[in-house]
Amino acid sequence: MSIFINEANQEFHLQNKQISYVFRVLEKSKQLEHLYYGKKITHRDSFSHLIEREVRPSSNMFEGDHTSSLEHIKQEYPSYGTTDFRYPAHAITNQLGSHVTTFQYEDYQIQKGKPTLPGLPATYVEADDEADTLFITLRDPVLNLRLVLSYTIFSNRPVITRSAKFINDSEEDYQIENAMSTSIDLASDQFELLQLNGAWARETHLEVNRLATGIQAVSSTQGASSHVHNPFIALKRPETTEHTGDVYGFSLVYSGNFLGQVEVDSYGVSRVMMGINPFRFSWKLAPNQSFQTPEAVMVFSENGLNGMSQTYHALYRERLARGYWRDRTRPILINNWEATYFDFNEEKVLEIASTAKELGIELFVLDDGWFGERHDDSSSLGDWFENKQKLPNGIKGLSEKIEALGMRFGLWFEPEMISKGTKLFADHPDWLIASPNREPSHGRNQYILDFSRPEVVDYVYQMMDNIINDAKISYIKWDMNRFMTEVYSKELPADQQGEVFHRYILGVYSLYERLIEKYPEILFESCAGGGGRFDPGMLYYAPQTWTSDDTDAIERLKIQYGISHVYPLSAIGSHVSAVPNHQVGRITPIETRANVAYFGTFGYELDVTKLSDAEKEAVKKQTAFFKEQRELIRQGVFHRLMNPFESNETAWMLVSSDQNEAIVGYYQVLAKPNESYKRIKLVGLNPDKCYAIEGTDKTYYGDELMNIGIILAENFTGRADEYWSREKAGDYHSKLFVLKAL
Ligand code: DGJ
């Protein structure tokens, strides 16, 4: 049993072996009071001893009762306008312009398993005993508006998911101005806020700050989750490390504008909320209609940040990603973007593909530039038919030739975009997202199709379907290279313009869903100029994401370290590219480039025909190595060991579920002379097993590796001239250690 109800006190306790979540109904106002969220506590018949009240100078709801101020009550899904001055979890305006709400408890329902959220991505179960779901129904009696809060607790994971649904039982229209997916008032402000920030080509950089009194937030207003912030925050205790201590993670299964906010009040309470960004959002709720928020996924870990990440990894890999590729070995791919950019033809493509095949690569991906008159980024988006000068045999002919080489073929699309000068633009000049009477701004010379309109989505589906149906396509890279300004849809009335952002992303989801349904065996990789839409929503449709347009191995240490806080390696697109690197000009050894890219989906992004023989030999070894290790890499338990944001070194490792195998990646950015002795302390191994380190004659017990560590110093002979004569590793040095239990 994972949901206990204390009927007499109207208390709810969601509990599994790891976590507890407790809340109750307030006796008089019938609103919800939050009592506890964290490590599992014993269930009891009453939790009234956890109620915390003080008489304070404040507004109170009930006459004569000086403790009924909601300002001082920790809540579940707070309203605005009834004595609480903090930011609310929802805001509704009625036709009189009033925005006060008071949702009062009506009843509850428990369901085995976890229902889906129609039209929205969400975590799921495959058997009903994997989770239980509690629905709490509340009603605002004045508005006759119903609110259903859903709480799912997974049986064997320290995870609670939450979402909210508003149902209009009245005869009036309402405007929802804010509808968070989750809100929780934690009884402490002794936390650090961890967030993943960035920009194009330097996504998901880790930032940790002590919580301050007041509001701190991450968000997007760009129409996509964006490069700037990931839809994720964590609250950790100051003493929490990678391996120990408490941390609360909050992740939103959504790809549009989001808000993750913490408000620390004057009494040491941290109100955490996450959901669609209320900025420019409003939703007209007509009678009998409902509005469902996306899902927030809350993870509690008492085993530090790695504990939290491992929970997210397993959940997102096993119960968010779906379909044919979820549990399958992913192909090693080569993408021609950095090899040729727009400058290719069939001959060049086949030359790259056949060399790649010889090197052990399994899938060739043709990136941007195959359609219309696309010779640079200024044209042709929306004209999804092949350029016959570049590809005289079309995509069909090319895909057949690639398959004849014994490789699979993949293709790039940017379905949501349109360039001026295209046939699509000539036929449908009014399909853009653009504000009336204003010139829309472009980004990368392109404009955005209004995916909030179903007819636009239908049309794009038809164009894509024509290409896919005709050719042998095993993989699609779905790109999106600009964000939204001047957001407006010509089809919606003025009082519904606040719906455009959300309707747009629902349109994106619906196109994905249709394509997946028709082509279940195509592997989708999502992309938005790299990691501009690396979010859980996308993972529901595309099991892997192109992590960043920055392919430099050293830059990738930070990006991949950051993204690994939430997302499994099976989702992290990572490739070996050419040197000097195209983003930063850095020259790193080909071994280091691979040693970083292995910790993801692995592939190449360079012109393999230009490699020297020695480099080709190195690539052959790399593809062979990855094929041997890729199941461990895809499914192993990942641990971060040394943080690139804090030092010159990075280390991380993977351990198989039976603890018989492990791979450790160690990276040193700059070389140092006459360095201190170094060890890499491992974690997650079996202390009693003895492990051999491949390629050496060394063996270590698990307890040695976890308490002493791998000793990095080589055993030299002691010859006097040895220091000067020995080969120096140089900058950007890395090492992989492959461990096997004897
Ligand atoms: C941005 C992507 O992140 C790149 O990998 C590449 O596909 C380009 N777009 C193509 O325009």
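Placing a label point 7 Å from the Cα of LEU350 along the Cα-to-Cβ direction, the residues of segment 601-634 with a backbone N closer than 20 Å are 607-610. For segment 347-367, list residues with backbone N below 14 Å from a point placed 7 Å from the Cα of THR609 toward its Cβ? Backbone N within reach: 347-358. For segment 579-624, the calculated P(r), taken from all Cα-Cα distances in 5 Å bins from zero up to the bin holding the longest distance, is 5, 18, 32, 30, 13, 2 percent. Entry note, the chain: the mean residue ellipticity at 222 nm calculated from DSSP H runs of n ≥ 4, each adding -39500 (n - 2.57), is -5500 deg cm²/dmol after division by the residues and rounding to the nearest 500. Computed with a 1.4 Å probe over protein heavy atoms only, the accessible surface of the chain comes to 38 Å² per residue. Entry for segment 217-283 at q = 0.11 Å⁻¹: log10 I(q)/I(0) = -0.31, Debye formula applied to identical alpha-carbon scatterers, no solvent contribution. THR42 contributes an accessible area of around 110 Å² to the protein surface, as traced by a 1.4 Å probe with all chains present.
Provide the gained length on full extension for the span GLN190 to ALA692, in nm with one decimal, where the gain is 0.36 nm per separating residue minus the Cα-Cα distance. Spell out each step's value before the answer.
On the way: separation 502, 0.36 × 502 = 180.72 nm, distance 4.31 nm.
Result for the pair: 176.4 nm of gain on full extension.
For segment 672-742, the list of GluC sites (Glu not before Pro) that fall in a loop by DSSP and count at most 16 other C-beta atoms within 10 angstrom reads GLU675, GLU694, GLU714, GLU727.
Computed over segment 234-319, the P(r) tail beyond 18 angstrom holds 57 percent of alpha carbon pairs. Out of all Cα-Cα pairs in segment 293-425, roughly what percent, to the nearest whole number, are more than 19 Å apart? Value for segment 293-425 (Cα pairs over 19 Å): 62 percent.
The calculated FRET efficiency for ALA314 paired with THR241, based on their beta-carbon distance and R0 = 25 Å, is about 0.75.
Among the trypsin sites (Lys or Arg not before Pro) in segment 457-496, those placed in a DSSP loop whose Cβ has at most 16 other Cβ atoms within 10 Å are LYS472, LYS490.
Residue pairs exceeding 19 angstrom between C-alpha atoms, taken from LYS348/LYS390; LYS698/LYS735; LYS678/LYS728; LYS357/LYS620; LYS30/LYS114: LYS30/LYS114. The shape of segment 350-408 comes out prolate: with a ≥ b ≥ c from the C-alpha gyration tensor, a/c is at least 1.5 and a/b beats b/c.
Normalised by residue number, the volume inside the convex hull of the Cα atoms of segment 551-691 is 135 Å³ per residue. Dimensions of segment 376-489 based on its C-alpha atoms, expressed as ranges along the principal axes with the largest first, amount to 52, 28, 23 Å.
Counting only Cα atoms, segment 1-148 measures 48, 39, 24 Å along its principal axes, largest extent leading. Placing a pseudo-label 7 Å from each Cα along the Cα-to-Cβ vector at ALA426 and GLU455 gives an inter-label distance of 2.0 nm.
With a ≥ b ≥ c the root eigenvalues of the C-alpha gyration tensor of segment 91-225, is it rounded (a/c under 1.5), prolate (a/b larger than b/c) or oblate? Intermediate values should be presented prior to the final figure.
Numbers: a/c = 1.78, a/b = 1.23, b/c = 1.45.
Taking the square roots of the gyration eigenvalues as a ≥ b ≥ c, segment 91-225 is oblate.
Estimated at 0.36 nm per residue, the fully extended path between ARG53 and ARG514 surpasses their Cα-Cα distance by 160.7 nm.
At a 1.4 Å probe radius, carbon and sulfur cover how many percent of the accessible area of segment 444-562?
Roughly 46 percent, rounded to a whole number.
Placing VAL738, VAL683 in order of accessible area, with the largest value first and a 1.4 Å probe, yields VAL683, VAL738.
Work out how much length LEU670 to ASN466 would gain on full extension: take 0.36 nm times their residue separation and subtract the Cα-Cα distance, in nm to one decimal. The partial results should precede the final answer.
Details: separation 204, 0.36 × 204 = 73.44 nm, distance 5.07 nm.
Additional length available on full extension: 68.4 nm.
Reducing segment 170-190 and segment 38-60 to their Cα centroids gives an inter-centroid distance of 21 Å.
Convex hull over the alpha-carbon atoms of segment 52-117: what's its volume per residue in Å³? Write out the running numbers ahead of the final one.
Working: hull volume 10.4 nm³, N = 66.
So the per-residue hull volume is 158 Å³.
Calculated from the alpha-carbon coordinates, segment 455-593 shows an Rg and a Dmax of 17.8, 57 Å respectively.
Return P(r) of segment 155-253 (all Cα-Cα pairs; 5 Å bins starting at 0; whole %; ordered from short to long distances). For segment 155-253, the pair-distance distribution reads 2, 9, 17, 19, 19, 14, 9, 5, 3, 1, 0.
Mean separation of Cα pairs under 8 Å and 6 or more residues apart, divided by the residue count, gives the chain a relative contact order of 10 percent. For the chain, the percent of C-alpha pairs falling in each 20 Å distance bin, counted from 0 to the bin holding the largest distance, reads 16, 47, 30, 6, 0.
Taking only alpha carbon atoms, segment 666-726 gives an Rg to Rh ratio of 1.05, where Rh is the Kirkwood radius.
Using a 1.4 Å probe on the protein heavy atoms, what percent of the accessible area of segment 274-330 belongs to carbon and sulfur? Percent of accessible area from carbon and sulfur atoms in segment 274-330: 40. Split the accessible area of segment 56-198 by element, probe 1.4 Å, and carbon with sulfur accounts for 48%. Summary of the geometry: segment 257-313 and segment 443-499, compared by the centres of their Cα atoms, lie 27 Å apart.
Packing around the peptides 205-214, 357-366, 525-534, 652-661, taken as the average count of other Cβ atoms within 10 Å per residue, puts them in this order, highest first: 525-534, 357-366, 652-661, 205-214. Quick check: from the Cα gyration tensor, does segment 507-577 come out rounded (a/c under 1.5), prolate or oblate? Taking the square roots of the gyration eigenvalues as a ≥ b ≥ c, segment 507-577 is prolate. With contacts taken as Cα pairs under 8 Å and at least 6 residues apart, segment 24-99 reaches a relative contact order of 21 percent. The simple spin-label model puts a point 7 Å past each Cα toward its Cβ; for ALA286 and LEU712 those points are separated by 6.5 nm.
What separates the Cα centres of segment 609-676 and segment 351-380 is a distance of 27 Å.
The values are calculated or read from the model by the stated rules, or taken from the named source; none is laboratory data. Just so it is clear, the model here is predicted, and its values are computed rather than measured. Ideal geometry is used to build each Cβ from the backbone, glycine not excepted, and the neighbour counts take in all protein chains shown. Note: accessible area is taken over every heavy atom of the protein model, side chains too, but ligands, DNA and RNA are not part of it. Shrake-Rupley method; radii C 1.70, N 1.55, O 1.52, S 1.80 Å.
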